[in-house]
Amino acid sequence: TFVVTENCIKCKYTDCVEVCPVDCFYEGPNFLVIDPEECIDCALCEPECPAEAIFSEDEVPENQQHFISLNAELASHWPVINEKKASLPDAAEWDGVPNKLQHLEK
Ligand code: SF4
Ligand code: F3S
């Protein structure tokens, strides 16, 4: 499966959702997640993310491992998103800022 990690938070560019053939992205207020049970590992989304926030599960950086279970958990609560929308207003400023997990809205 593929996993959305920390740098999506407060950016939410949504380019990723347009290419997913199985519509397995789910949307929260300032973050997206991938449902690991639906993802077919096609890898199409990974290069689409301007924030480089998407990784294959086995390539998730050591300090981002908690996002694997977080994607699974939040995917069961949030609605599906399959059309691109405007990024969050301050996306450019937040892109690359460390420790954004504290800003995650559920
Ligand atoms: Fe969707 Fe493919 Fe990305 Fe999985 S790897 S979330 S199936 S685009
Ligand atoms: Fe997030 Fe990147 Fe998609 S910032 S919404 S994972 S394009």
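The table that follows gives values for the structure above.
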item	result
GluC sites (Glu not before Pro) restricted to segment 17-106 and DSSP loop, no more than 16 other C-beta within 10 Å	E37, E38, E52, E83, E105
Residue-averaged [θ]222 nm for the chain, counting only DSSP H segments that reach four residues, each worth -39500 (n - 2.57)	-4000 deg cm²/dmol
Mean separation of Cα contacts under 8 Å, 6 or more apart, over the residue count of segment 2-81: relative contact order %	45
Full-extension gain in nm, E52 to D23, via 0.36 nm per residue minus C-alpha separation	8.5 nm
Prolate/oblate/rounded label for the chain (Cα gyration tensor, a/c 1.5)	rounded
Partnerless cysteines, meaning none of the other Cys C-beta atoms lie under 4.7 Å away, in the chain	C8, C11, C20, C24, C39, C42, C49
Extension gain from I40 to N63, taking 0.36 nm per residue of separation minus the Cα-Cα distance	5.8 nm
With every protein chain in place, the chain: carbon and sulfur % of accessible area (1.4 Å)	48
Accessible solvent surface per residue of segment 2-81, calculated while the other protein chains remain in place, 1.4 angstrom probe, Å²	45
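The values are calculated or read from the model by the stated rules, or taken from the named source; none is laboratory data. All of these numbers come straight from a predicted model, not from anything done at the bench. So basically every Cβ, Gly included, is an ideal-geometry build from the backbone, and we count neighbours across all protein chains shown. Surface areas here come from the heavy atoms of the whole protein model, side chains and all, with no ligands, DNA or RNA. Shrake-Rupley method; radii C 1.70, N 1.55, O 1.52, S 1.80 Å.
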